[in-house]
């Protein structure tokens, strides 16, 4: 497995990480034993950069990782997030809290669920615009000073917010959605990250599975799958997007690899400071994803993919309006 620097920390991570959200919810029912096997397979494949958040499964995801980490802690670069607060009695309701008072509470709760003394990379999951980012990052910096957190990150923020945060304490990573069909970070954020020495962690690098060819229609989704409420996966927008995926499949067939592997190889080829974290809960997909790190793309292939997935050709917004309200434009 290739390795890439994690910001300016001197730490390196596998060039492809593992997103764990789907092991707990959002993409249909999970299976803890299968998920634990998937995590073990990731380590066997050289994937050691593992991503979770306190809100995934209302804490279940961190607890699951805590079970996995016993006896393996030193082999994993562990990232988690805080800031999206959910109510167990109303799981679909959520609020954003970045207040300095909440930061240490959230961190201590994550440490307990994960069963660890230190979190390697701690992100603000979503920005609360009513709280100055300087105040939030200042409180997070105290966690670093206390030894509870090693490095700081932000998720789905603008380049301006990154610069303001970075002036308070070094920001190691930015996590935002980035893939062939989500190209917003190319406008400014990727250049800002290169300038500041910040790693860009790309979540949903497989477009929530559409880039793998697994999505054929809205009936592909299990009951409760959040993609049913995602504008890109609905009606005419989905049909338009599926036509783009056909072109990706053609290129993958020519290369004798999968569409998902081409999508990951495209990210790795375009940017040396990008680390994609495809999510899966099945060992066989971890093996497939890991192999993408060994696939090279020519300049012509990259250009063809850029043209095929021109942002103007992608139909539908990334999230429903309520969720998009908490995403800062890059």
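Among the listed residues 152, 162, which satisfies the condition of being at pLDDT 95 or above, part of a helix (DSSP H, G or I) and touching a strand residue (DSSP E or B) at 6+ places or on another chain (Cβ under 8 Å)?
Being at pLDDT 95 or above, part of a helix (DSSP H, G or I) and touching a strand residue (DSSP E or B) at 6+ places or on another chain (Cβ under 8 Å) holds for just one of 152, 162, which is 162.
Out of all the residues in region 199-257, which are more than 23 Å from residue 26 (Cβ to Cβ), outside any helix (DSSP H, G or I) and touching a residue at least 12 places away in the same chain (Cβ under 8 Å)?
199, 257
Considering region 277-296 alone, what residues qualify as being touching a strand residue (DSSP E or B) at 6+ places or on another chain (Cβ under 9 Å) and either outside any helix (DSSP H, G or I) or more than 16 Å from residue 43 (Cα to Cα) (or both)?
Those that are touching a strand residue (DSSP E or B) at 6+ places or on another chain (Cβ under 9 Å) and either outside any helix (DSSP H, G or I) or more than 16 Å from residue 43 (Cα to Cα) (or both): 277, 278, 279, 280.
Condition first: farther than 30 Å from residue 151 by Cβ, out of contact with any strand residue (DSSP E or B) (no Cβ under 8 Å at 6 or more places or on another chain) and not in a loop (DSSP other than H, G, I, E, B). Can you find one or more residues in region 183-194 that meet it?
No, that holds for no residue.
Going through 182, 161, 172 one at a time, which residue ends up being touching a residue at least 12 places away in the same chain (Cβ under 8 Å) and buried (at least 24 other Cβ atoms within 10 Å of the Cβ)?
After ruling out the rest, the residue left standing is 172.
Determine whether region 260-276 contains at least one residue that is under 26 Å from residue 14 (Cα atoms), part of a loop (DSSP other than H, G, I, E, B) and touching a helix residue (DSSP H, G or I) at 6+ places or on another chain (Cβ under 8 Å).
Checked region 260-276: at least one residue is under 26 Å from residue 14 (Cα atoms), part of a loop (DSSP other than H, G, I, E, B) and touching a helix residue (DSSP H, G or I) at 6+ places or on another chain (Cβ under 8 Å).
Can we say residue 18 is under 27 Å from residue 140 (Cα atoms), buried (at least 22 other Cβ atoms within 10 Å of the Cβ), within 15 Å of the chain's Cα centre (by Cα) and modelled with pLDDT of 95 or more?
Yes; evaluated as a whole, the condition is true for this residue.
Here is a list of conditions, (1) surrounded by 18 or more Cβ atoms within 10 Å (Cβ to Cβ); (2) in contact with a helix residue (DSSP H, G or I) (Cβ under 6 Å, 6 or more places away or on another chain); (3) at pLDDT 95 or above, and residue 53 meets all of them except one; can you say which number that is?
Condition not satisfied by residue 53: (2).
For (1) crowded, with 21+ Cβ neighbours inside 10 Å; (2) modelled with pLDDT under 95, each residue gets a yes or a no:
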residue	(1), (2)
191	no, no
196	no, no
201	yes, no
208	yes, yes
222	no, yes
229	no, yes
242	no, yes
260	yes, no
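Table: residues versus (1) part of a strand (DSSP E or B); (2) over 17 Å from the mean Cα position of the chain (by Cα); (3) within 13 Å of residue 286 (Cα to Cα).
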site	(1), (2), (3)
1	no, yes, yes
7	no, no, no
10	no, yes, no
25	no, no, no
28	no, yes, no
37	no, yes, yes
41	no, yes, yes
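Restricting attention to region 297-324, report how many residues are in a helix (DSSP H, G or I) and within 26 Å of residue 237 (Cβ to Cβ).
14
The values are calculated or read from the model by the stated rules, or taken from the named source; none is laboratory data. Computed from a predicted model, the values in this text were never measured in an experiment. Because the Cβ atoms are built from the backbone with ideal geometry, glycine has one as well, and the counts that use them run over all protein chains shown.
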